[in-house]
Structure formats: structure tokens, C-alpha cells
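Worksheet: the structure to be examined is printed underneath.
The values are calculated or read from the model by the stated rules, or taken from the named source; none is laboratory data. What you see is a predicted model, and the numbers here were worked out from it, not measured in a lab. Cβ sites come from the backbone with ideal geometry, for glycine too, and all protein chains shown count toward neighbours. Heads up: the accessible areas ignore ligands, DNA and RNA and are worked out on the full protein's heavy atoms, side chains in. Shrake-Rupley method; radii C 1.70, N 1.55, O 1.52, S 1.80 Å.
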Amino acid sequence: MPTTRTAPGAAPARVNSDHGGFESKAEVSVRVRQGAHWFFWIVAAVSLNSVFTIMGSHIHRFTGFGVTAMIDDRLAQPSGISTAMQLIVSGWLAGGFLFLGCFAAEGRKWAFAVGMAAYAVDGALLVAAGDYLSAAFHACMWYAIYRGFAALGQPASSKPSDVASAAHAG
């Protein structure tokens with residue numbers, strides 16, 4: 001691999017001409033990364049939901065998953081199993097969305113597709129549970145992720161933004 005000259009003592013920079021089918025972070029468009037970051041907002045909302053659940057609040061359904069709403073409807077509240085199951089399921093799902101968000105931020109189409117499908121199914125569970133406000137929240141977040149997915153087919157901008165140009169000029 002070719003190297004470039006660097007300052008003495010610094011490691012040489014390597015230029016990789018073979019991407020192996022993967023895009024580098026610099027080549028992933030801003031819109032793709034913005035769409036992928038909504039996966040992280042889902043993780044934040046679920047974390048907030050977990051705090052609400054632990055505190056015993058009923059606000060948690062707005063920020064939670066449809067799966068946990070179904071668990072809440074199916075298991076008796078006084079048993080304490082419902083809260084524990086909600087936290088376990090939310091933790092696993094949040095970890096999955098965190099995983100998908102990391103790969104989607106790199107421009108991986110499969111991560112967007114799997115994440116959007118899972119979130120759509122979860123939204124359908126909310127509709128089945130009759131929680132239309134949470135389903136609308138899911139729909140808004142799903143659309144924001146879709147915008148990043150749709151930007152995958154578009155080439156990344158090759159010219160720097162006005163902000164970056166102004167920073168380098170000054």
C-alpha cells in the first residue's frame with residue numbers, strides 16, 4: 001500500500017485503494033448518517049421508557065416499544081413480572097437498535113432495512129394494543145430513518161459545505 005510523508009515520529013498514513021465494497025465514513029452522505037442517528041434516538045427513548053417504568057409512571061408507553069406494551073397487557077401488573085420483563089425486553093431491543101444504528105451510520109443498507117422492518121412491526125403492535133399516540137411517534141421516527149435509507153442510493157456530496165469552507169478560509 002502506498003504511504004504519504006509525515007512528520008518524523010508520526011505513523012505514516014495509508015491510502016487504501018480497495019474499499020472491499022464498504023464505504024468509509026467520509027463517503028457516507030450527511031443524510032444517511034442523519035437517518036442512522038434516529039436509531040440512537042430510539043435507544044434514548046427506550047432508556048427514558050425504562051426510567052418511567054422503574055418509577056411506576058404510565059407515561060412510558062409513549063416512548064416505549066409495542067412489544068413491552070403487549071407484555072404489560074398480557075401479564076398482571078401486581079406480580080412484578082411485567083416490569084422486570086419490560087426492562088429485559090427493552091434492554092435487548094435497545095441493544096439491537098444500537099447495533100443497527102452503528103452499521104447504518106456506516107451506510108449499510110441491510111441495517112436500515114432490518115431496523116425499519118423491526119420498528120414497523122413494533123408500531124403495528126402498538127396499533128393492535130390501541131396505543132395510537134405511540135404508533136404515531138413510531139411512524140415519525142420510522143420516516144426519519146427512511147429518509148436516511150433513501151439517501152443511500154444518492155452519491156455523497158463531493159464539495160465541502162459552506163460552513164467547512166468558511167472554517168478553512170478563516
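Structure summary
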quantity: Output for segment 120-155, where each listed residue is farther than 21 Å from Val43 by Cα, open to solvent by 70 Å² or more (accessible area, probe 1.4 Å), in a helix (DSSP H, G or I) and touching a residue at least 24 places away in the same chain (Cβ under 8 Å); calculated: Ala128
quantity: Condition broken by Asp131, with the remaining ones in (1) over 17 Å from Asn49 (Cα atoms); (2) at pLDDT below 90 satisfied; calculated: (1)
quantity: Residue under evaluation Val121, criteria (1) at pLDDT 90 or above; (2) in contact with a helix residue (DSSP H, G or I) (Cβ under 7 Å, 6 or more places away or on another chain), criterion not met; calculated: (2)
quantity: Check on Phe40, without any contact (Cβ under 8 Å) to a residue 40 or more places away in the chain, surrounded by fewer than 22 Cβ atoms within 10 Å (Cβ to Cβ), in a helix (DSSP H, G or I) and of a type in the set (Phe, Trp, Tyr); calculated: no
